[in-house]
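Undergrad: Structure provided below as structure tokens; questions to follow.
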Amino acid sequence: MRNTSPSVVACCGLAALAVAMGIGRFAFTPLLPMMQDEFGLTLAEGGWLASANYVGYLAGALSATLVADVARRGAIRLGLATIALSTLAMGATDSFAAWMLLRFVPGFASAWVLVCVSAWSLELLGKAGRPALGGAGTEWRGAS
């Protein structure tokens with residue numbers, strides 16, 4: 001993204017984080033009632049599925065921060081694709097064991113996206129002299 005405006009970098013970072021967090025971490029919440037009706041999923045099983053996602057997120061965050069030399073843009077793309085595919089795969093099975101894995105994986109990937117997007121976008125915004133766009137606060141109105 002050479003010669004890309006800081007506003008575009010900030011918007012790309014925002015969109016990637018929205019997908020990673022919105023789908024990778026929280027898509028399960030609106031699916032839970034349907035899974036309970038359709039498959040008889042209990043609240044305890046729902047809790048286990050949520051926990052698998054949180055454990056994946058923890059493992060992803062720890063591993064992403066330990067790997068210093070990573071191609072961030074590639075990791076972001078791979079993470080977003082993994083989140084989308086693993087979330088879609090939830091509808092292709094009714095196996096609880098598969099669901100556990102399919103909740104762990106997007107948790108792991110969403111943590112990688114969070115770490116890599118933050119590093120990528122904040123570095124570019126800093127180099128462009130617009131670090132305040134990392135928070136998209138009052139600076140946003142004057143973005144170019």
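Yes/no matrix, rows are residues, columns are (1) under 18 Å from SER118 (Cα atoms); (2) assigned to a helix (DSSP H, G or I); (3) basic (Lys, Arg):
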site: LEU17; (1), (2), (3): yes, yes, no
site: MET21; (1), (2), (3): yes, yes, no
site: PHE26; (1), (2), (3): no, no, no
site: GLN36; (1), (2), (3): no, yes, no
site: ALA44; (1), (2), (3): no, yes, no
site: ALA68; (1), (2), (3): yes, no, no
site: ARG73; (1), (2), (3): yes, yes, yes
site: LEU88; (1), (2), (3): no, yes, no
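Undergrad: Something else now. Considering ALA75, ALA68, ALA15, which residue is free of Cβ contacts under 8 Å to residues at least 24 places away in the same chain, under 14 Å from the mean Cα position of the chain (by Cα) and on the phi < 0 side of the Ramachandran plot? Talk me through it step by step, then tell me what you get.
TA: On the way: ALA75 fails: free of Cβ contacts under 8 Å to residues at least 24 places away in the same chain; ALA68 fails: under 14 Å from the mean Cα position of the chain (by Cα).
The conditions single out ALA15.
Undergrad: Within the range 51-58, does at least one residue satisfy the condition of being out of contact with any strand residue (DSSP E or B) (no Cβ under 6 Å at 6 or more places or on another chain), part of a helix (DSSP H, G or I) and within 30 Å of THR4 (Cβ to Cβ)? Spell out how you get there, then give the answer.
TA: Restricting attention to the range 51-58, the residues satisfying the condition of being out of contact with any strand residue (DSSP E or B) (no Cβ under 6 Å at 6 or more places or on another chain) are 51-58.
With the extra rule that they be part of a helix (DSSP H, G or I), the set shrinks to 51-58.
Add one more test, that the residue is within 30 Å of THR4 (Cβ to Cβ), and what stays is 57.
Scanning the range 51-58 turns up at least one residue that is out of contact with any strand residue (DSSP E or B) (no Cβ under 6 Å at 6 or more places or on another chain), part of a helix (DSSP H, G or I) and within 30 Å of THR4 (Cβ to Cβ).
Undergrad: Now for a separate question. Just need a number here: residues in the range 33-49 that are of a type in the set (A, V, I, L, M, F, W, C) and surrounded by 17 or more Cβ atoms within 10 Å (Cβ to Cβ). Before the answer, list the steps.
TA: Going through the range 33-49, the residues of a type in the set (A, V, I, L, M, F, W, C) turn out to be 34-35, 39, 41, 43-44, 48-49.
Still in the running and surrounded by 17 or more Cβ atoms within 10 Å (Cβ to Cβ): 35, 41, 49.
Matching residues across the range 33-49 total 3.
Undergrad: Does LEU32 satisfy the condition of being at pLDDT below 90, touching a helix residue (DSSP H, G or I) at 6+ places or on another chain (Cβ under 7 Å), in a helix (DSSP H, G or I) and closer than 12 Å to MET90 by Cβ?
TA: Working: at pLDDT below 90: yes; touching a helix residue (DSSP H, G or I) at 6+ places or on another chain (Cβ under 7 Å): yes; in a helix (DSSP H, G or I): yes; closer than 12 Å to MET90 by Cβ: yes.
Taking the combined requirement at face value, the residue satisfies it.
Undergrad: Let me ask something else. Scan GLY79, GLY91, GLY107 and give me the residue that is crowded, with 20+ Cβ neighbours inside 10 Å, small (Gly, Ala, Ser) and within 30 Å of GLY40 (Cβ to Cβ). Give the steps one after another, and end with the answer.
TA: Numbers: GLY79 fails: within 30 Å of GLY40 (Cβ to Cβ); GLY91 fails: crowded, with 20+ Cβ neighbours inside 10 Å.
Going through GLY79, GLY91, GLY107 in turn, just one is crowded, with 20+ Cβ neighbours inside 10 Å, small (Gly, Ala, Ser) and within 30 Å of GLY40 (Cβ to Cβ): GLY107.
The values are calculated or read from the model by the stated rules, or taken from the named source; none is laboratory data. This one's a predicted model, so the numbers in the text were calculated from it and none came from an experiment. We place every Cβ from the backbone using ideal geometry, glycine too, and count neighbours over all the protein chains shown.
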